[in-house]
Amino acid sequence: MNELKLELKEKIIEQLNLEEFTVTDIDDDDALFGDGLGLDSIDALELIVMLDKDYGIQLTDPKEGKEVFQSITVLANYIAEHRTK
Amino acid sequence: MKGCYIHSAVSISAQDSFDAKSFDFKILENTVEKATAIHPNYRDFIPPAASRRMATGVKMGVTAAKRALQLANLEQPDAIITGSGMGCIEDTEKFLNSIIANNEEFLTPTPFIQSTHNTVGAQIALGLKCKAYNNTFVHGSLSFESALIDAKQLFQENEAQNILVGGVEELGKEFVDYVLMMETSSNQGIKVPFGEGASFFVLSSEPKLGAVNIHDIETISLASENDIIERMKVFLSNNNLTSEKVDAIIFGNNGDSFDSYYNNLASTLFEENTQLQYKNISGEFYTVSAFGLFMATKILEEQKIPSAMLIKNSFKKPLKNILLYNQFKGRNHSFMLISK
């Protein structure tokens with residue numbers, strides 16, 4: 001699980017061009033949106049594409065996305081449970 | 001005819017032109033195929049949250065525009081007009097390559113959103129929260145000139161008093177290599193490196209002490225070398241000038257076979273004039289004439305000419321006016337006349 005969390009942090013920093021961040025700056029339970037990392041709706045689209053492309057998970061319900069993207073811990077748990085690749 | 005005064009001029013280019021302190025610009029090595037810009041510290045001008053999605057051209061354009069506004073002590077322009085021949089080619093390449101690599105699936109939104117030609121103008125407006133007239137001209141090597149003509153027309157119609165005008169181009173990573181391949185396959189191709197940059201100007205219909213005035217601009221799509229001589233005579237006559245009264249002429253030589261257009265003018269109408277060039281220090285790109293105008297403005301302001309720009313004949317002070325002539329591959333000719 002820790003490996004997956006580290007992998008997610010690296011992917012988020014790279015794909016969302018978070019130039020100011022390193023993996024150590026992101027705590028597992030930090031909020032990804034709002035006051036935490038400060039991601040926005042375009043980032044949400046990027047994350048949805050990443051889930052589909054890298055883990056074979058298709059999010060179709062916007063409410064589901066809101067829950068899944070709460071934090072690295074929640075996202076990692078969801079991926080571990082639903083991944084098809 | 002209303003004036004069109006340059007209240008500030010800023011350029012990010014392959015030279016250290018952003019602060020433009022030394023004015024000691026070097027000729028680019030001909031062995032270098034691509035001349036990347038010397039980038040200022042963008043963090044001083046763009047918040048990190050905004051800059052993380054910006055490609056090179058957007059960062060250069062937004063920064064040059066902000067600096068130009070600062071130098072002109074202007075918070076909100078009445079219009080933002082941008083010229084770009086290739087637009088945001090970096091993100092266009094990223095988006096198109098992603099379509100191919102992922103078999104038209106898994107397309108992310110950011111490169112697509114940022115790949116349009118008007119991204120720079122839009123990002124400048126967003127940063128300023130400016131809802132004024134905003135237009136981007138995409139006319140190949142006349143993109144910047146088209147933006148200038150639009151600005152002059154807005155002044156003429158009393159639609160604006162202060163306008164932010166600029167030209168932006170980024171090298172990108174792939175498309176430029178195909179163009180280079182074609183150019184280097186022929187010994188008649190472009191010899192200066194391919195370049196990139198952003199030059200922005202705050203133009204005003206109001207005169208300011210010592211400000212350079214853009215008197216006139218003319219663009220011609222297609223013309224023979226002899227047509228250009230005739231059109232130049234008419235252009236000068238329309239501005240109550242003869243070639244002898246032009247203090248310096250700046251040509252857009254890039255080393256290709258179409259330099260004959262410049263050589264023809266240089267050996268006929270302007271044989272005795274101070275002859276200058278600039279693409280040997282900036283590289284060639286669609287909106288490089290904006291860098292040419294930046295250099296011409298600085299030359300009039302400083303009354304100095306970088307030695308790298310001199311082709312023929314020394315110059316006498318005071319330099320009161322400068323004529324610029326540019327063309328690309330025998331098409332898209334432009335004349336610009338500025339004076340101080």
- Looking at this structure, is residue B:26 farther than 16 Å from residue B:297 by Cα and surrounded by 14 or more Cβ atoms within 10 Å (Cβ to Cβ)? no
- Filtered residues of region B:41-51 (kept if more than 14 Å from chain A (Cβ to nearest Cβ), buried (at least 16 other Cβ atoms within 10 Å of the Cβ) and outside any loop (DSSP other than H, G, I, E, B)): none
- Note on the structure: Scanning region B:187-222 for residues that are surrounded by fewer than 16 Cβ atoms within 10 Å (Cβ to Cβ), among the aliphatic types (A, V, I, L, M) and either under 19 Å from the mean Cα position of the chain (by Cα) or part of a strand (DSSP E or B) (or both) gives B:222
- For residue B:38, state whether it is surrounded by fewer than 16 Cβ atoms within 10 Å (Cβ to Cβ), touching an Asp or Glu at 6+ places or on another chain (Cβ under 8 Å) and among the aliphatic types (A, V, I, L, M). yes
- Query: In the list A:67, A:20, which residue meets the criterion of being open to solvent by 40 Å² or more (accessible area, probe 1.4 Å), over 18 Å from residue B:106 (Cβ atoms) and more than 13 Å from the chain's Cα centre (by Cα)?
  - Reply: A:20
- Query: Which residue out of B:54, B:60, B:86 is in the same structural domain as residue B:166 (by TED's automatic domain parsing) and more than 19 Å from the chain's Cα centre (by Cα)?
  - Reply: B:54
- Task: Looking at (1) part of a helix (DSSP H, G or I); (2) open to solvent by less than 60 Å² (accessible area, probe 1.4 Å); (3) among the aliphatic types (A, V, I, L, M); (4) out of contact with any Lys or Arg (no Cβ under 9 Å at 6 or more places or on another chain), find the lone condition where residue A:50 falls short.
- Result: (4)
- Item | Of residues in region B:312-339 being at pLDDT 95 or above and open to solvent by 70 Å² or more (accessible area, probe 1.4 Å), the one nearest to residue B:286 (Cα to Cα) | B:331
- Query: Which residue pairs have Cβ atoms closer than 8 Å, lie 6 or more positions apart in sequence or on different chains, and pair a first residue in region B:31-48 that is more than 25 Å from residue B:174 (Cβ to Cβ) with a second residue that is open to solvent by 80 Å² or more (accessible area, probe 1.4 Å) and part of a helix (DSSP H, G or I)?
  - Reply: none
- Would you pick out the residues in region B:85-114 that are modelled with pLDDT under 90, in a loop (DSSP other than H, G, I, E, B) and open to solvent by less than 40 Å² (accessible area, probe 1.4 Å)? B:102, B:108
- Task: Looking only at region B:52-84, count how many residues are within 14 Å of another protein chain (Cβ to nearest Cβ), open to solvent by 10 Å² or more (accessible area, probe 1.4 Å) and either of a type in the set (Ser, Thr, Tyr) or in a helix (DSSP H, G or I) (or both).
- Result: 2
- Is it true that some residue in region B:160-167 is open to solvent by 60 Å² or more (accessible area, probe 1.4 Å) and out of contact with any His (no Cβ under 7 Å at 6 or more places or on another chain)? yes
- Message: On the basis of being assigned to a helix (DSSP H, G or I) and either open to solvent by less than 60 Å² (accessible area, probe 1.4 Å) or in contact with a Phe, Trp or Tyr (Cβ under 9 Å, 6 or more places away or on another chain) (or both), does residue A:57 make the cut?
- Response: no
- Query: Which residue out of B:260, B:282 is crowded, with 23+ Cβ neighbours inside 10 Å, under 23 Å from residue B:31 (Cα atoms) and of a type in the set (Gly, Ala, Ser)?
  - Reply: B:282
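The values are calculated or read from the model by the stated rules, or taken from the named source; none is laboratory data. This is a predicted model, so every value here is computed, not measured. Using ideal geometry, Cβ is built from the backbone for each residue, glycine included, and neighbour counts are taken over all protein chains shown. The accessibility values were calculated without ligands, DNA or RNA, using every heavy atom of the protein model including side chains. Shrake-Rupley method; radii C 1.70, N 1.55, O 1.52, S 1.80 Å.
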